Structure formats: structure tokens, C-alpha cells
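Asks: I'd like to ask you about the structure that follows.
Any read-out appearing in this document is the output of simple, stated calculations on the displayed coordinates, not a laboratory observation. Nothing here was measured: the structure is a model prediction, and the numbers come from that model. Don't worry about glycine lacking a Cβ; one is built from the backbone with ideal geometry, like all the others, and counts go over all protein chains shown.
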Amino acid sequence: MIIDAHAHLGVDLVFEEVRSEAEIMAVMDANNINVTILQGMYGHIYLDEIEDNHNRIARLARENPKRIFGMITMTPYLHDGDFYDEAKRCVKELGFVGMKLHPMAFGCSPENSRTEMMWKICEELGIPMMVHTGTGAPLSAPSQVVRRCKQFPYVPCVLAHSGMLIYADEAFLAAHECPNVYLETSWTAPHHIVHAIKTFGSKRILFAADEITNVATEIGKYNSLPISGEDREQCFWQTANTVFGLGF
């Protein structure tokens, strides 16, 4: 079984990318991906557009039960009440399983006071936080999550890309400091994945691809690693299943 814990659907106004439902499902089928956790794209600042993006993910999830799950994606600069209401709707009504903070795309570091609201909501709703790390430093430096992770020790925090090679040491530092930090390995060097598994155990490491053009590469990377079959299975799906509470 393989769970891709990080994929995108829709129109991105920041990075100028477009991903369709048909593309997502075709790549899943071609690469034997059993489950994908989908998040929206970036640059949408109006609540109605954000709601539409979430509804689009939810519709695909309804059409593909237990194959597609949603992740909340919206700017932390929304009014507090609007942000809370939409996050609650996504979890309680749409069945979403996490929340995403992209410091570069949102222009908002985890250290920014606006993000405290996001962690509080994750704690209340019982969902993990995923934080983009790597490109966009210093806002996206992995060390930026440490204070929030210590402030909210019961909220799992998934570091997307594990620092993206150049900030891998910071990702490892955050994982050392905070037992609620998990390392997501898209765009991560193979030797860093091996180091992370040896250092923290495979129960804190999870597979993801981020981009549909990267799915086959990320799978091949894991299949080439000098790790046990048990560790590979743990990273491929079991960690994500536990962190996001998917119920498999």
C-alpha cells in the first residue's frame, strides 16, 4: 500500500501551476498509489474562492471514497472567525484530515502570531499541521516550527520536504527537539531519508510526492534505499495512516 501524503489540486496563483482531477487519478492509477491526501493551491485570498477549492477536493473525495482525503489550505490572514468556521466545516462536514501552512506562499512564518490560531484549531479539531520547509527561507526554515511544536505538543507537525536538502540539518534538529515532528520526504535526498530512519525510526517518516510528475521518482527512490521491507512499508503508508487518522 502507498499513501501520498502531499498532492495539490486546482489553479495556483503563486507558482502558476494547474492540476486537474483527471491528472491526479491517472497518476495514482499508473503508479499504484492507493490513497492521496489533496490540498488546494496558493494565492487565493477571498473566502469564496477558498471554499470553492475545498469543495472541489471534497467532491473528488466523495467520488473516490477512501482513496482521496482533503487537507485545509488557506491564508492565515483571513479574519479569525472566517478561518475558524471554514476549518471546522472542512473537518466536520467535508471530512478533511489536516491543515497546511506554506510560509513562502502565505508570507507567514510559523513564528508569526497569526499561526498560533492555526495550531489552536488543529488542537481543537484533532488534526495534524503540515508545514512547507525549504524554499522560501528564512520563513520556511524548519527551525521556525520548534516553538509552536513545543507550545502545542499534542498536535503532530509534518515537515513537508524535510528542509528540501539544503535545510535537512534544521529538519533533523526540529525532530530532535520535538517528538511531535514528523518528516515528509518529497524532494529529500536519499541519504537524508536513510539518516532520518536510522535516527528517528520509520514511524516518524512518511512518503509523499508533492507533484504528479514526481510520483514515480519518489517511489523509485524509496525502492532503492538500503532499508528493511518493514521500514519501507512504514514510510510508504503506515506513518501517514496514523498521523492523519485515516483508519486503514
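Asks: Please tell me the relative contact order of region 90-178 in percent, rounded to the nearest whole number, where contacts are Cα pairs under 8 Å and at least six residues apart.
Replies: Once normalised by length, the contact order is 28 percent.
Asks: When the helices in the chain are scored as -39500 (n - 2.57) per DSSP H run of 4 or longer and the sum is shared across all residues, what 222 nm value do you end up with, to the nearest 500 deg cm²/dmol?
Replies: Result for the chain: -12000 deg cm²/dmol, rounded to the nearest 500.
Asks: Of 216, 171, 141, which has the largest mean-square fluctuation in a 10 Å C-alpha GNM of the chain?
Replies: The residue with the greatest mean-square fluctuation here is 216.
Asks: Let me ask something else. For region 3-243, give the magnitude of the charge dipole about the Cα centre (Cβ charges: +1 Lys/Arg, -1 Asp/Glu; no others), in debye to the nearest 20.
Replies: Using only the charged Cβ atoms, the result is roughly 680 debye.
Asks: In addition: So what's the net charge close to residue 236: Lys and Arg +1, Asp and Glu -1, counting the other residues with Cβ under 12 Å from its Cβ?
Replies: Once all neighbours under 12 Å are counted, the net charge is -3.
Asks: Only Cα pairs within less than 10 Å get springs; with that Gaussian network setup on the chain, which residue of 40, 70, 201 has the largest fluctuation?
Replies: Top of the fluctuation ranking is 201.
Asks: Quick one: net charge around residue 109, please, counting Lys, Arg +1 and Asp, Glu -1 for every other residue with C-beta under 14 Å from its C-beta.
Replies: 0
Asks: What is the sum of charges around residue 181, taking Lys and Arg as +1, Asp and Glu as -1, for the other residues whose C-beta is under 13 Å from the C-beta of residue 181?
Replies: Combined, the nearby Lys, Arg, Asp and Glu give +2.
Asks: Could you tell me which of rounded, prolate or oblate describes region 3-76, using a ≥ b ≥ c as the square roots of the eigenvalues of the alpha-carbon gyration tensor, with rounded for a/c under 1.5 and, failing that, prolate when a/b is larger than b/c and oblate otherwise?
Replies: prolate
Asks: Given the options 180, 53, 223, which has the most mean-square fluctuation in a GNM of the chain, springs set between C-alpha atoms less than 10 angstrom apart?
Replies: Between 180, 53, 223, it is 223 that shows the largest mean-square fluctuation.
Asks: Follow-up question, since we're still on this one. Determine the relative contact order of the chain: mean sequence separation of Cα pairs under 8 Å and six or more apart, normalised by residue count, in whole percent.
Replies: 17
Asks: Percent antiparallel among DSSP beta bridges with both residues in region 3-243, to the nearest 5?
Replies: In region 3-243, approximately 10 percent of DSSP beta bridges are antiparallel ones.
Asks: Further question: Which longest uninterrupted range of the chain lacks any GluC sites (Glu not before Pro) assigned by DSSP to a loop state (not H, G, I, E or B) and surrounded by at most 11 other Cβ atoms within 10 Å?
Replies: 94-248
Asks: If you don't mind, another one. Within the chain, what is the number of lysine pairs with alpha carbons under 24 Å apart, leaving out pairs fewer than eight places apart on the same chain?
Replies: Step by step, the pairs that qualify in the chain add up to 17.
Asks: Taking the Cα centre as origin and putting +1 on Lys and Arg beta-carbons and -1 on Asp and Glu beta-carbons, what dipole magnitude results for region 61-101, to the nearest 20 debye?
Replies: The calculation lands at about 320 debye.
Asks: Any idea which of 246, 41, 178 is furthest toward the positive side of the dipole for the chain, if Lys and Arg beta-carbons carry +1 and Asp and Glu beta-carbons -1?
Replies: Positive-end residue among those listed: 178.
Asks: Regarding region 3-243, what are the three Cα extents along the principal axes, ordered largest first, in Å?
Replies: 47, 39, 30
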